[in-house]
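**Q** Below is the structure I would like to discuss, written out as structure tokens.
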Amino acid sequence: MEAKIIFIAVLAVVLIVGIVLAANVSAFRNWLVYAVTEAEAKFGGKTGKLKLRYVYDLAVEAFPVIAKALPFSFFSWAVDSALLIMRGMIEDNQKIADIVNNEDKE
């Protein structure tokens, strides 16, 4: 009986940790889309390495554990994924495209 209670308690902890991690990963992904969009608007095209470095510096500032926990190659892959999302947003919404391309002068 005691082993059953311990198993259920451990399972509950694992599920809670999994939910928290999933929420944090989702929040990070959303933040990353914002950061790559900001970098694109700030530096424009043909400046990929500069934008990657800029986004990495922003990420380390916002999420200090990233520098210690994620290899740069994984971070670069995550940025590439965020760029795909950003490009989709630009294709779907002219207003977003104007902002990213610095064409919205309101």
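Rule-based calculations on the coordinates, nothing more; no lab input. All figures in this text were calculated on a predicted structure; none of them were measured in a lab. Counting neighbours? That spans all protein chains shown, and the Cβs are built from the backbone with ideal geometry, glycine included.
**Q** So what does log10 I(q)/I(0) come out to for the range 30-100 at q = 0.25 Å⁻¹, using the Debye formula with one equal point on every Cα and no solvent?
**A** -1.15
**Q** Testing the spin-label approximation: label points 7 Å from Cα along Cα→Cβ at Ser26 and Ile96. State their distance in nm.
**A** 1.8
**Q** What is the count of Lys pairs in the chain whose alpha carbons sit under 21 Å apart, if the two are 8 or more places apart or on different chains? All intermediate terms of the calculation are to be shown ahead of the outcome.
**A** On the way: Lys42/Lys51; Lys42/Lys95; Lys42/Lys105; Lys49/Lys68; Lys51/Lys68; Lys95/Lys105.
Eligible lysine pairs with Cα atoms under 21 Å apart amount to 6.
**Q** For the chain, what's the relative contact order in percent, using C-alpha pairs closer than 8 Å and at least 6 residues apart?
**A** On the way: 50 pairs, mean separation 33.0, N = 106.
Relative contact order, the chain: 31 percent.
**Q** Separate question: With +1 on each Lys and Arg Cβ and -1 on each Asp and Glu Cβ, and nothing else charged, work out how big the dipole of the range 30-100 is about its Cα centre, in Debye to the nearest 20. Working shown, then result.
**A** Numbers: 8 positive and 8 negative charges, 51 e Å.
Taking the Cα centre of the range 30-100 as origin, the dipole is about 240 debye.
**Q** With n ≥ 4 as the cut-off for DSSP H runs, can you work out [θ] at 222 nm for the chain, using -39500 (n - 2.57) per run divided by the number of residues, rounded to the nearest 500? Don't jump to the answer; show the numbers that get you there.
**A** Values: 5 runs with 90 residues, N = 106.
When only DSSP H runs of four or more count, the value is -28500 deg cm²/dmol.
**Q** Report the full-extension gain for the segment Thr47 to Ile5: residue separation times 0.36 nm, less the Cα-Cα distance, to one decimal in nm.
**A** On the way: separation 42, 0.36 × 42 = 15.12 nm, distance 5.62 nm.
Taking Thr47 through Ile5 to full extension adds about 9.5 nm, to one decimal.
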